[in-house]
């Protein structure tokens, strides 16, 4: 069996593995991490693969079709999300017709709506539900070993068409030993160019990996834990993680930072200490960052992490209103706890990229303004503002549908023509358009403040390592922020 793994061509720098898929105003482009992990597992078991990240490589449909046809796959596996699913299904139908290959969609949207996804296509063969590494591998093995479509009920985590019927198998259990899955960076090395990828908050170039999957917290809007990774943290061993960090540093001497895209890297303080100590024990000179929750205020541990190379945390503060936070089920994330977290990071010398949401349950014009003013007051290196996106598979989506606050389920309208995401919910007197417009305003107000501009000028001269990131961010700001309504 030959398997082609594809991030489908769409808009330039369109990201599917973000928590809010789309074209980011910062120019951020995520690595196709989970698709790479699945590809690495299939390759490790002896199957021939090709891997194409079309948005990163700038491939159009014709170039993609030519690459796929030249490889001659038996199966094409592609990742999709709500905002691009209609487009992605059309591309997969086209590739199936042109190549004769079987087709499979994976990711957050087909996990949430597997049968609907299959029914939207005249030819799509399979959909994976949930964590899909071993589902893809088992499907490949199924056909390679001579088994038939009539026996597909044996493959857990699979939805498929059988004649005129659509069948959903039992869900695959979460995989516990993540050390068994080959590093995503092995696929990056062989198929991707790290210079194509950037996070607005990270140094450039950077390499993104995951050291664990899942998040025990219950945030209603966060799509990955509710669909792909689960709501229990399953970490890789510290040794395996640091081994991959060493591999990255040796493979890409030009790399400036490793980003941990775990849902919440700092869930386990003991593990954070062990990770930091192992980096220091090996004498590994590496800069790294990760997603953190704003309740991590152990200054001693933060200082140890800083010594081991931790540079920055990406943190979801979301709102300044406690009632809105409670509606989001941001349990334990009180205003006071967040203030202690910010002070502790400042004392340890770790920077913060703050993320804020507009349009939560109980949101008003006054609470949106208060959240923006809070963001301005906080000691943040950078900030990101989102109109809340309620994706299928999340509790926030079900709540919005139940309350009649979901504007449309026509997924092709969930992005502007430029690729920026727009809110699909209304809250009381707040329309979806007003929520999205305030998000645009928040970017301008936050980044055009004289205090922030002076902060970045000073950082440019005091911290040479930050210069390329500041320049890159400024250029994307000029290009994107002022055209967000297009």
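A few notes on this one:
- Residue under evaluation residue 207, criteria (1) within 24 Å of residue 317 (Cα to Cα); (2) in a strand (DSSP E or B), criterion not met: (1)
- A residue that is buried (at least 23 other Cβ atoms within 10 Å of the Cβ), assigned by TED's automatic domain parsing to the domain that holds residue 246, in a strand (DSSP E or B) and modelled with pLDDT under 95 occurs somewhere in segment 387-394.
- Residue, modelled with the lowest pLDDT, within segment 292-307, restricted to residues that are surrounded by 21 or more Cβ atoms within 10 Å (Cβ to Cβ) and closer than 26 Å to residue 246 by Cβ: 296
- Just one residue in the set 273, 281 is touching a helix residue (DSSP H, G or I) at 6+ places or on another chain (Cβ under 7 Å), at pLDDT 95 or above, surrounded by fewer than 20 Cβ atoms within 10 Å (Cβ to Cβ) and over 25 Å from residue 205 (Cβ atoms); that residue is 273.
- Criterion (surrounded by fewer than 17 Cβ atoms within 10 Å (Cβ to Cβ), closer than 30 Å to residue 342 by Cα, modelled with pLDDT under 90 and not assigned by TED's automatic domain parsing to the domain that holds residue 20) met by exactly one of 448, 472: 472
- Of all residues in segment 31-55 being surrounded by fewer than 22 Cβ atoms within 10 Å (Cβ to Cβ) and within 28 Å of residue 388 (Cα to Cα), the one that is farthest from the chain's Cα centre (by Cα): 54
- For segment 37-90, the set of residues classified as in a helix (DSSP H, G or I), closer than 16 Å to residue 132 by Cα and out of contact with any helix residue (DSSP H, G or I) (no Cβ under 6 Å at 6 or more places or on another chain) consists of 43, 44, listed by residue number.
- Test: residue 143 is surrounded by 15 or more Cβ atoms within 10 Å (Cβ to Cβ), over 30 Å from residue 28 (Cβ atoms), out of contact with any helix residue (DSSP H, G or I) (no Cβ under 7 Å at 6 or more places or on another chain) and in contact (Cβ under 8 Å) with a residue 40 or more places away in the chain: yes
- Check on residue 241, assigned by TED's automatic domain parsing to the domain that holds residue 357, touching a helix residue (DSSP H, G or I) at 6+ places or on another chain (Cβ under 7 Å), in a helix (DSSP H, G or I) and surrounded by 23 or more Cβ atoms within 10 Å (Cβ to Cβ): yes
- The residues of segment 329-341 that are under 21 Å from residue 442 (Cα atoms) and surrounded by 21 or more Cβ atoms within 10 Å (Cβ to Cβ) amount to a single one, 338.
- Of all residues making up segment 146-177, the number that are in contact with a helix residue (DSSP H, G or I) (Cβ under 8 Å, 6 or more places away or on another chain) and touching a residue at least 60 places away in the same chain (Cβ under 8 Å): 0
- Per the conditions (1) without any contact (Cβ under 8 Å) to a residue 40 or more places away in the chain; (2) assigned to a helix (DSSP H, G or I), the sole criterion not satisfied by residue 379 is (2).
- Pick from segment 308-327, criterion in contact (Cβ under 8 Å) with a residue 40 or more places away in the chain and in a helix (DSSP H, G or I), ranking: surrounded by the most Cβ atoms within 10 Å (Cβ to Cβ): 324
- Looking across 366, 339, 347, one residue alone is assigned to a helix (DSSP H, G or I) and closer than 22 Å to residue 405 by Cα. It is 366.
- Annotation note: of 91, 127, 106, the sole residue that is out of contact with any strand residue (DSSP E or B) (no Cβ under 7 Å at 6 or more places or on another chain) and surrounded by 16 or more Cβ atoms within 10 Å (Cβ to Cβ) is 91.
- Filter result for the condition that a residue is touching a residue at least 12 places away in the same chain (Cβ under 8 Å) and surrounded by 16 or more Cβ atoms within 10 Å (Cβ to Cβ), over 418, 423: 423
- Of the criteria (1) assigned to a helix (DSSP H, G or I); (2) touching a residue at least 12 places away in the same chain (Cβ under 8 Å); (3) closer than 20 Å to residue 394 by Cβ, which one residue 304 fails: (3)
The values are calculated or read from the model by the stated rules, or taken from the named source; none is laboratory data. What you see is a predicted model; the values in this text were computed from it and never measured. Cβ: placed from backbone, ideal geometry, glycine included. Neighbour counts: every protein chain shown.
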